[in-house]
1. Taking the criterion of being open to solvent by less than 50 Å² (accessible area, probe 1.4 Å), more than 14 Å from the chain's Cα centre (by Cα) and modelled with pLDDT of 95 or more, would at least one residue in the stretch 96-105 satisfy it?
2. May I ask you to list the residues in the stretch 119-135 that are assigned to a loop (DSSP other than H, G, I, E, B) and either within 9 Å of the ligand (Cβ to nearest atom) or open to solvent by 60 Å² or more (accessible area, probe 1.4 Å) (or both)?
3. Under 6 Å between Cβ atoms, at least 6 apart or on separate chains: pull out the pairs that start in the stretch 110-123 with a residue that is within 10 Å of A140 (Cβ to Cβ) and end on any residue that is open to solvent by 20 Å² or more (accessible area, probe 1.4 Å) and within 7 Å of the ligand (Cβ to nearest atom).
4. Identify, by number, the condition in (1) open to solvent by 30 Å² or more (accessible area, probe 1.4 Å); (2) at pLDDT 95 or above that G116 doesn't meet.
5. Collect the residues in the stretch 47-62 that are crowded, with 18+ Cβ neighbours inside 10 Å and of a type outside the set (A, V, I, L, M, F, W, C), keeping them in residue-number order.
6. Collect the residues in the stretch 66-75 that are open to solvent by 50 Å² or more (accessible area, probe 1.4 Å) and in a strand (DSSP E or B), keeping them in residue-number order.
7. Anything in the stretch 22-43 that is over 12 Å from A82 (Cα atoms) and either in contact with a Lys or Arg (Cβ under 6 Å, 6 or more places away or on another chain) or part of a helix (DSSP H, G or I) (or both)? List them, or say none.
8. Taking only the stretch 50-108 into account, find how many residues are within 8 Å of the ligand (Cβ to nearest atom), of a type in the set (G, A, S) and more than 23 Å from A156 (Cα to Cα).
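The values are calculated or read from the model by the stated rules, or taken from the named source; none is laboratory data. Everything numeric here is computed off the predicted structure, so don't read it as measured data. FYI the Cβ positions are ideal-geometry reconstructions off the backbone, even for glycines, and counts take in every protein chain you see. All accessible areas refer to the heavy atoms of the entire protein, side chains included, with ligands and DNA or RNA removed. Shrake-Rupley method; radii C 1.70, N 1.55, O 1.52, S 1.80 Å.
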Amino acid sequence: MLILPETPDDHDAIFALTQAAFKDHPHSLQTEGHITDALREAGALTLSLVARVDGRIAGHIAFSPVQISDGSAHWYGLGPVAVLPGMQGRGIGAALIREGLDRLKAMGAAGCVVMGEPAYYTRFGFAQMPALTYPGVPPAYFMAQVFTHPAQGRVAYHKGFEAAA
Ligand SMILES: CC(C)(COP(=O)(O)OP(=O)(O)OC[C@H]1O[C@@H](n2cnc3c(N)ncnc32)[C@H](O)[C@@H]1OP(=O)(O)O)[C@@H](O)C(=O)NCCC(=O)NCCS
């Protein structure tokens, strides 16, 4: 498996695999592929990595800037992250998350938030952080990890996350 930054040739494959991965997800509005496109269009796709297996794109992860009400800078949100349905459960998602977090740290990020299953994301250093809140989501499902500078307040994702299907 190779994990590499996306190139323009990857955009269509990223969209297709993201839509396929979230097709049966219970909390998905099937907008995730559109979110990645909207972030890219807005120049807010801070980091976009693809996982290639045998030359084929099997997974993708996006990171984008988040705003925190205390004005903290250089915080990012993880997501969407997606692996082709037939390729899930083989460590591709984990490899994308680990590589993404490493690259984010190397870029000087202060911290990262994620919304999702605690059982999965706590493996990668995320934990519920009462100082950081995200209205409308049960607190256990909104997690964060500090790289350099703690932050406090309400978190808002980039408006690309409002992209419609
Ligand atoms: C979530 C996703 C990116 C993980 O990628 P993956 O390559 O399948 O995951 P990995 O192989 O790295 O990890 C598999 C492990 O994570 C667990 N896991 C995967 N998704 C999980 C979830 N949503 N909740 C809890 N555990 C999960 C698996 O049970 C497995 O556990 P094990 O190691 O104890 O067997 C992928 O399954 C996917 O695209 N799912 C659909 C889209 C999605 O839910 N994206 C994330 C939204 S927050």
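1. No, every residue in the stretch 96-105 fails to be open to solvent by less than 50 Å² (accessible area, probe 1.4 Å), more than 14 Å from the chain's Cα centre (by Cα) and modelled with pLDDT of 95 or more.
2. P130, Y134, P135
3. Going by the 6 Å Cβ cut-off, there are no qualifying pairs.
4. It fails just one condition, (1).
5. S48, G59, H60
6. Scanning the stretch 66-75 gives a single hit, Q67.
7. Within the stretch 22-43, H34, I35, D37, A38, L39, R40, E41 qualify.
8. 6
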